[in-house]
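Peer 1: Here you go, one structure.
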Amino acid sequence: RRLGLGKRRKKQEGAAAEKLPQSFLRDGLGYVLGALGSRAGLSRLCESSDEEEAPGPREGQPRPREGQPGPEEDDEGPEEDPEDASDPSEGDDVEGQWESESSSSSPEDCGVPEASEPPGEEEVGFSFGILFCCFPGKSHNHSATKYVPPQVRKAQETLDDKKREELGRLKKMVNGLINRLSEPNLSSISGQMEELYMANSRKDMNETLTDILMNACVTAVAMPARLMMEHVLLVSILHHNVGIEVGAHFLEAVVKKFDELCKSDAEGKECENLLALIAHLYNFHVVHSLLIFDILKKLVSTFTEKEIELILFLLKNVGFSLRKDDALALKELITEAQRKANTAEKKLQDQARVRFMLETMLALRNNDMRKIPGYDPEPVEKLRKLQRTLVHSSGSGKETQLRVSLESLLSADQVGRWWIVGSSWSGAPMISDTNSKTQEKLHIGKVSSNIMELARKQRMNTDIRRSIFCVLMTSEDFLDAFEKLLKLGLKDQQEREIVHVILYCCLQEKTYNAFYAFLANKFCEYERRFQVTFQFSIWDKIRDLENLSAAAISNLVSLLAHLLRAKSLPLSVLKVIEFSELDKPKVRFLRQVLTMLLIKTDAEELSDIFVRISDNPKLGMLRESLKLFLTHFLLKNVQAQKSAEEASLLKERVELATKALQAKEPKLKL
């Protein structure tokens, strides 16, 4: 009745009625249905329960299994109206009668437990070695579930218990280490934590460490700053020595918790504690400034009293570090905060707090630490020194910083974790979305058809080059062009196109335009990678001098001389020239560059430019070649080509440059 076999047998007719379910055949229970196949078989089965004291079984009945107990009073179940329970020919009436009997019968009348009994209880009856297990349930229409043999079920439960026990032991060990954590014993505790990472699953360790640190640091009261810094420093050391997935897992948990609490309007200090964790993760080089700016922009966009407090708290902790990393983004943030304060000033009750926040931002912009009350960078600097001693040399540096945005962290479950090496993602491909976003970033507004036609004539054959070209042609000055080019949001190899287009446009001008030189100087000051790209691009042009026009060579000379005078590029940029194999174009180019550099530069600045290459032993050949070129190629016939005043000035500057080149050369002592 519990297995619903009446319905099954009702649907089957003839020979098909003798077929058994595959699950019964697999488990070796085919003889059970064979015994229940007819009224006579069931009657014999029920009558046999009265003869359990008999010395042996009758003929035609299965022998009892050895070692199994004999059936006792539990076999009363099949004795209840066997005719109703076994006749498949009675159809729907029989099934209805079964259901009514099962609902009205008492436990004394039937071995099947009632639905009111707690699930999991089983009534087991043995009859001639046949084991009947009746599973309780509220409905006769059971969904098909996979049968798990008792041996496998017991093994799974044993594994689960063992895993639970191991996790409990691991949690106790990590908790004990975290409780003893302090600055003096940070070295030994970080070493023990690394050993635990080597001995256990990284997933288990990451989850355990994150849970313990979140419970210790995220409380309803403000946590001491020193305690927070020591806990985050431990995460930073493990992040650098063990792997970036340690810091990534902790950062994701902290950011998601912070976002959840910001939306829930919590009254305690949990948000400040979480923000302190994020700030110190940035201080100890676990996360890039991109995430901090995303959080600040989100807080400024909301701009309520709670958000103002959080902005002040975050700027006090990491404001000056943000100014060092990205001064332009900080300037944009301050401008946006001032605009928000002007529009929302009437709505806010605590006007003094808003003014204090704006004063703090202005102090950051002006690099004035005195105007920020309670600002003390010494504890962070002290722990940074400790961090440098504990981080292995192979994992140190900023290459382990997680350059991940707030949006990416919050949507990690939907779009995957691209910032973790080896992290798998089985979701939908996002190539089309990325391309569309790139196109949106490169869209710089409406540009006149003349500019687009000019870009086509100058062979700007990609969207990136066209966008850079349009910015250069439509900017008011070099500062405006610099800011607009940064806002294009180009990455890695795309950024190099800025240098290529600037140099190309400079050489294409009919007369020299200093706009490109000042813009190139601005990019060299902004990031060293632009300086390196300019150096390689100029080397390519120097190697290809014979194919350049006279106007292009003249523009290249003026550009290079300007970058050398501004110290954006070192004089070692000339080392690409083979002085032993000089041809006429290179001699003319070198003479023009050095003459312009010597005449148009002050004596003190000129000495600094040449001294920069005087102490590098690898540039010895360049120094000797330059001294030879200055004395023999540059001063030769100078009086015939220049006026007497220019000739004397040039001779004086050549002597000054020669002395500067010899200033720091190693001298042989006898």
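The values are calculated or read from the model by the stated rules, or taken from the named source; none is laboratory data. Just so it is clear, the structure is predicted and the values come from calculations on it, not from any experiment. In this analysis, Cβ positions are derived from the backbone assuming ideal geometry, glycine residues included, and neighbour counts consider all displayed protein chains. All accessible areas refer to the heavy atoms of the entire protein, side chains included, with ligands and DNA or RNA removed. Shrake-Rupley method; radii C 1.70, N 1.55, O 1.52, S 1.80 Å.
Peer 1: Send over a whole-number figure in Å² for the accessible area per residue of region 451-663, probe 1.4 Å.
Peer 2: On the way: 11030 Å² over 213 residues.
That works out to 52 Å² for each residue.
Peer 1: Between MET473 and LYS171, how many nm apart are label points set 7 Å from Cα along the C-beta direction?
Peer 2: Between MET473 and LYS171, the simple spin-label model gives 6.6 nm.
Peer 1: Pull out the extension gain between PHE518 and LYS382, defined as 0.36 nm times the separation in residues minus the alpha carbon to alpha carbon distance; nm, one decimal. Can you show the working numbers first?
Peer 2: Numbers: separation 136, 0.36 × 136 = 48.96 nm, distance 3.95 nm.
Gain on stretching PHE518 to LYS382: 45.0 nm.
Peer 1: Per Stokes-Einstein, at 25 °C and 0.890 mPa s, what whole-number D in µm² s⁻¹ belongs to region 155-415, with the Kirkwood radius over Cα pairs as the hydrodynamic radius?
Peer 2: On the way: Rh = 19.6 Å.
The estimated diffusion coefficient comes to 125 µm²/s.
Peer 1: Set Lys and Arg Cβ to +1 and Asp and Glu Cβ to -1, take the dipole of region 494-634 about its Cα centre, and tell me which of ILE498, LEU571, LEU622 lies farthest positive.
Peer 2: LEU622
Peer 1: Something else: Using packing as a proxy for protection, rank 252-263, 229-240, 381-392 so that the peptide with the highest average count of other Cβ atoms within 10 Å comes first. Please list the in-between numbers first.
Peer 2: Values: 252-263: 18.3, 229-240: 24.4, 381-392: 14.2.
Those peptides, ordered most packed to least, come out 229-240, 252-263, 381-392.
Peer 1: Filter the trypsin sites (Lys or Arg not before Pro) in region 462-508 to those in DSSP coil with at most 16 other Cβ atoms within 10 Å of their Cβ, and list the result. Spell out each step's value before the answer.
Peer 2: Details: sites: ARG465, ARG466, LYS484, LYS487, LYS491, ARG496; in loops: LYS491.
Within region 462-508, the qualifying trypsin sites (Lys or Arg not before Pro) (loop, at most 16 other Cβ atoms within 10 Å) are LYS491.
Peer 1: Ignoring any ligand, DNA or RNA, what whole percent of the accessible area of region 451-663 comes from carbon and sulfur when the probe is 1.4 angstrom?
Peer 2: Numbers: 5220 of 11030 Å².
The computed percentage sits at 47.
Peer 1: Check which residues have an amide H placed less than 5 Å from LEU402's amide H, if you skip close sequence neighbours.
Peer 2: VAL287, HIS288
Peer 1: Counting only C-alpha contacts under 8 Å and six or more residues apart, can you give the relative contact order of region 451-663 as a whole percent? Provide the component values of the computation, followed by the final result.
Peer 2: On the way: 179 pairs, mean separation 34.1, N = 213.
Over region 451-663, the number comes to 16 percent.
Peer 1: Probe 1.4 Å, all protein chains in place: accessible area of SER580 in Å², nearest 10?
Peer 2: Probe radius 1.4 Å; accessible area of SER580 about 100 Å².
Peer 1: Per the 1.4 Å probe, what fraction of the accessible area of region 155-415, in percent, lies on carbon and sulfur atoms? Each step should come with its number before you reach the end.
Peer 2: Details: 6580 of 12980 Å².
Reported share for carbon and sulfur atoms: 51 percent.
Peer 1: Moving to a separate point now. Quick check: residue separation of ASN461 and GLU483 times 0.36 nm, minus the Cα distance between them. What number comes out in nm? All intermediate terms of the calculation are to be shown ahead of the outcome.
Peer 2: Values: separation 22, 0.36 × 22 = 7.92 nm, distance 2.33 nm.
Extra length available between ASN461 and GLU483 comes to 5.6 nm.
Peer 1: Distance check, please: which entries in LYS331/LYS575; LYS385/LYS484; LYS269/LYS297; LYS203/LYS324 exceed 32 angstrom between their Cα atoms?
Peer 2: Correct reply: LYS331/LYS575; LYS385/LYS484; LYS203/LYS324.
Peer 1: Here's something else I'd like to know. Along Cα→Cβ, 7 Å out, is where each label goes; now give me the distance between the ones at HIS500 and SER572 in nm to one decimal.
Peer 2: In this crude spin-label approximation the distance works out to 2.6 nm.
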